[in-house]
Amino acid sequence: MKVNFKEIKVASITGGLEKPDIADLREELGKSMFMGMTEAESKLGARIYNSQGPIELSEEEVKIVRAYIRNYSWVLRTAIEKCLTK
């Protein structure tokens, strides 16, 4: 599955999902994952942080991302989850 963390469509406060904002989550998600507990988390965090477009995620990597976004706001978590279920 390919995900572009540079262009995540996030519900906007004025337009909801009909007129979403585009959020670049590479730095926020990448840095937090890079400081993870395992080598796999760190490597994936670096890939996300340094990505310039869509990156291919394995099923295991999708699970890692889901674990990290668990404590994100509902708006961000929903937007990322939508990308992970395409």
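In segment 13-38, which residue that is in a strand (DSSP E or B) and at pLDDT below 90 is nearest to residue 65 (Cα to Cα)?
For segment 13-38, the residue satisfying everything is 17.
Could you say whether any residue in segment 3-11 is among the polar types (S, T, N, Q) and more than 10 Å from the chain's Cα centre (by Cα)? Break it down stepwise before answering.
First pass over segment 3-11, keeping only residues among the polar types (S, T, N, Q): 4.
From what's left, more than 10 Å from the chain's Cα centre (by Cα): none.
Checked segment 3-11: no residue is among the polar types (S, T, N, Q) and more than 10 Å from the chain's Cα centre (by Cα).
What pairs come up if the first residue lies in segment 1-26 and is surrounded by 12 or more Cβ atoms within 10 Å (Cβ to Cβ), the second is of a type in the set (Ser, Thr, Tyr) and outside any loop (DSSP other than H, G, I, E, B), and their beta carbons are under 6 Å apart, counting only those six or more places apart or on different chains?
Sorted first by the residue in segment 1-26, then by its partner, the pairs are 20/12; 21/12; 26/49.
Among the residues of segment 51-61, is any in a helix (DSSP H, G or I), in contact (Cβ under 8 Å) with a residue 24 or more places away in the chain and surrounded by 10 or more Cβ atoms within 10 Å (Cβ to Cβ)?
Looking through segment 51-61, none of the residues is in a helix (DSSP H, G or I), in contact (Cβ under 8 Å) with a residue 24 or more places away in the chain and surrounded by 10 or more Cβ atoms within 10 Å (Cβ to Cβ).
Can you find a residue in segment 64-72 that is closer than 19 Å to residue 7 by Cβ, at pLDDT 95 or above and loosely packed, with under 13 Cβ neighbours inside 10 Å?
There is no residue in segment 64-72 that is closer than 19 Å to residue 7 by Cβ, at pLDDT 95 or above and loosely packed, with under 13 Cβ neighbours inside 10 Å.
The values are calculated or read from the model by the stated rules, or taken from the named source; none is laboratory data. From a predicted model like this one, the values you see are computed outputs, not experimental measurements. Counting neighbours? That spans all protein chains shown, and the Cβs are built from the backbone with ideal geometry, glycine included.
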